1. How about the stretch 8-23: which of its residues are small (Gly, Ala, Ser) and farther than 15 Å from ASN78 by Cα?
2. What number of residues within the stretch 20-49 satisfy the criterion of being closer than 21 Å to LYS150 by Cα and exposed (fewer than 15 other Cβ atoms within 10 Å of the Cβ)?
3. Restricting the stretch 7-19 to residues that are open to solvent by 60 Å² or more (accessible area, probe 1.4 Å) and either among the aromatic types (Phe, Trp, Tyr) or assigned to a helix (DSSP H, G or I) (or both), which is nearest to GLU166 (Cα to Cα)?
4. Checking the structure you have, find out if any residue of the stretch 52-69 is among the aromatic types (Phe, Trp, Tyr) and either more than 15 Å from the chain's Cα centre (by Cα) or open to solvent by 50 Å² or more (accessible area, probe 1.4 Å) (or both).
5. Within the stretch 75-87, restricting attention to residues that are in contact with a helix residue (DSSP H, G or I) (Cβ under 9 Å, 6 or more places away or on another chain) and in a helix (DSSP H, G or I), which residue is least open to solvent (accessible area, probe 1.4 Å)?
Amino acid sequence: ETLFEAADIAIENGYNIIILSDKGANKDKAPIPALLAASGLHHHLIRQGTRMKVSIVLETGEPREVHHFACLVGYGVNGINPYLVYNEIEHLEELKMISYPYDEAVKRYNNAVTNGIVKIMSKMGISTIASYQGAQIFEALGIRESVVEKYFTGTATRIGGLGLEEIEKEVMMRMKNAF
């Protein structure tokens, strides 16, 4: 709710890009899972009638593989900075574990993710990113219906599962392991 209120205030103040970031996470401050935050904000803005006024950019360490990116774009994200992947590419270059310079390795990674999303779209008969973005052509598995209704509105779900409380517990377990 705090995220939604902050976005509403930003829009009222004329901002047209909202950046969601989990870079500030620490042992005392756990991030909202990226897909939950982004999709929740996307649907909140739709309900407010302000979604078309802003772009949602996500700066997150969560996405690593094509499916992660496809879900984020499919639930309304306009741009993604996967900073943790880029940091890891830099680390691998320093260790001489990749044979390309950093810039080339990042370019190859970005191309692979982009090509993967295009392949997913083409299998669905979607030809433009604008048609795919926010289309949420997914089914929710293992998420409680009340969570799907509010944060992934309109997504098909046939089996229930985790509520916000359980999602929070899982985040806190990962944070405990990380810190």
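The values are calculated or read from the model by the stated rules, or taken from the named source; none is laboratory data. This is a predicted model, so every value here is computed, not measured. So basically every Cβ, Gly included, is an ideal-geometry build from the backbone, and we count neighbours across all protein chains shown. Just the protein is used for accessible areas: all its heavy atoms, side chains included, with ligands, DNA and RNA removed. Shrake-Rupley method; radii C 1.70, N 1.55, O 1.52, S 1.80 Å.
1. At the first step, the residues of the stretch 8-23 found to be small (Gly, Ala, Ser) are 10, 14, 21.
Selection gives ALA10, GLY14.
2. Total satisfying the criteria: 3.
3. Among them, the one singled out is ILE9.
4. Initially, the stretch 52-69 is screened for residues among the aromatic types (Phe, Trp, Tyr), giving 69.
Within this subset, residues satisfying the condition of being either more than 15 Å from the chain's Cα centre (by Cα) or open to solvent by 50 Å² or more (accessible area, probe 1.4 Å) (or both) are none.
No: the stretch 52-69 contains no residue that is among the aromatic types (Phe, Trp, Tyr) and either more than 15 Å from the chain's Cα centre (by Cα) or open to solvent by 50 Å² or more (accessible area, probe 1.4 Å) (or both).
5. Here the residue is VAL85.
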